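Written out below as structure tokens is the structure these notes cover.
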Amino acid sequence: MAVSSNPTASEYIQHHLQNLVLGVHPENGLSFAHSAAEAKEMGFWAIHVDSMFWSIGLGLIFLWLFKKAADNITNGVPGPLQNFVELMVEFVDNSVKETFNGKSNLIGPLALTIFVWIFLMNLMDLVPVDLVPRIATAIGIDYMKIVPTTDVNVTLGMSLSVFALIIYYSIKIKGASGFMAELALQPFSSDNKIIKVLFIPVNLLLEGVGLIAKPISLALRLFGNLYAGELIFILIALLPWFLQWTLSVPWAIFHILVIVLQAFIFMMLTIVYLSMAHEHH
């Protein structure tokens with residue numbers, strides 16, 4: 001059920017950490033979950049509607065802002081929006097040039113999209129934790145999480161997309177045989193064919209673990225930092241009002257660094273991984 005009018009601390013925390021879930025319930029059919037237990041019963045294919053809504057909405061805002069800046073670009077004195085967009089483009093472009101060693105028309109736009117989109121999603125963590133959930137409750141929506149990057153499904157979805165690009169470019173640049181040879185013969189190699197064959201299982205294990213760890217580490221690093229930040233804001237909201245202001249403002253200022261840093265790390269690791277996919281060993 002939705003949180004009561006006078007929730008305990010445990011109920012308050014659980015309510016704010018629960019997504020708005022839409023799925024097929026064994027008894028109720030297609031419906032929204034009204035508790036964490038009911039959401040769990042819906043299984044893997046249930047959709048976190050709030051995560052989808054806010055992530056897609058913020059993505060559309062990103063596209064609209066950059067499109068508006070491009071349509072109104074001027075050679076004279078630029079406005080604040082044009083300055084911001086040019087700053088973002090130049091920053092990402094320099095990061096790509098310094099890190100990416102291959103040639104690709106995708107890497108620049110991809111890096112820009114990742115950085116700005118994740119930054120906007122992280123930025124929602126600075127919205128007061130009770131503001132949107134209370135508005136949602138007033139219109140009959142039990143749960144509403146507004147920070148998509150605190151949902152591991154969102155961060156894992158983005159990292160798996162990057163992982164798919166890593167596999168695609170590894171095979172495209174090196175060929176299927178070259179990619180498999182990289183997995184089977186690195187890091188141990190020898191001119192002796194017998195030794196090569198003996199080390200193939202070890203090489204596959206080491207390289208396979210390293211390859212799979214890339215999307216998992218990307219997803220969990222972003223999720224863990226933002227989830228922890230959101231949880232601290234929720235805990236601060238449980239304190240008396242005078243302590244809330246005393247603690248929330250310094251934490252929010254510090255959290256701005258986390259918001260920017262996590263978007264930057266995700267972008268830079270994506271560039272590094274795709275650069276490695278373009279390189280021949």
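The values are calculated or read from the model by the stated rules, or taken from the named source; none is laboratory data. Predicted model only: the values in this text are computed from it and were never measured. Methodologically, a virtual Cβ is constructed for each residue, glycine included, from the backbone with ideal geometry; neighbour enumeration extends over all protein chains shown.
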Residue check, Val116 of a type in the set (Val, Ile, Thr), farther than 30 Å from Leu231 by Cβ and in a helix (DSSP H, G or I): no
Conditions (1) in contact with a Leu (Cβ under 7 Å, 6 or more places away or on another chain); (2) modelled with pLDDT of 95 or more; number of the one not met by Thr113: (1)
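Which residues, taken from region 1-33, are among the charged types (D, E, K, R) and modelled with pLDDT under 85? Before you say what the answer is, go through the steps one by one.
Filtering region 1-33 down to residues among the charged types (D, E, K, R) leaves 11, 27.
Selection gives Glu27 alone.
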Selection within region 245-259 - touching a residue at least 40 places away in the same chain (Cβ under 8 Å) and over 22 Å from Pro215 (Cβ atoms): Ala252, His255, Ile256
Residue in region 235-244 that is surrounded by 13 or more Cβ atoms within 10 Å (Cβ to Cβ), without any contact (Cβ under 8 Å) to a residue 24 or more places away in the chain, at negative phi and of a type outside the set (S, T, N, Q) present: yes
Flag if Trp251 is farther than 30 Å from Leu185 by Cβ, at pLDDT below 90 and not polar (S, T, N, Q): no
Qualifying residue in region 123-141 (condition: of a type outside the set (Phe, Trp, Tyr), within 27 Å of Leu220 (Cβ to Cβ), surrounded by 15 or more Cβ atoms within 10 Å (Cβ to Cβ) and in contact with a Ser or Thr (Cβ under 7 Å, 6 or more places away or on another chain)): no
Contacts under 9 angstrom Cβ, first residue in region 105-126 being touching a residue at least 24 places away in the same chain (Cβ under 8 Å), partner among the aromatic types (Phe, Trp, Tyr) and not in a helix (DSSP H, G or I), 6 or more apart: Ile107/Phe100; Ala111/Phe100
Top-ranked residue in region 58-90 [being exposed (fewer than 14 other Cβ atoms within 10 Å of the Cβ) and within 21 Å of the chain's Cα centre (by Cα); ranked as nearest to Thr113 (Cα to Cα)]: Leu63
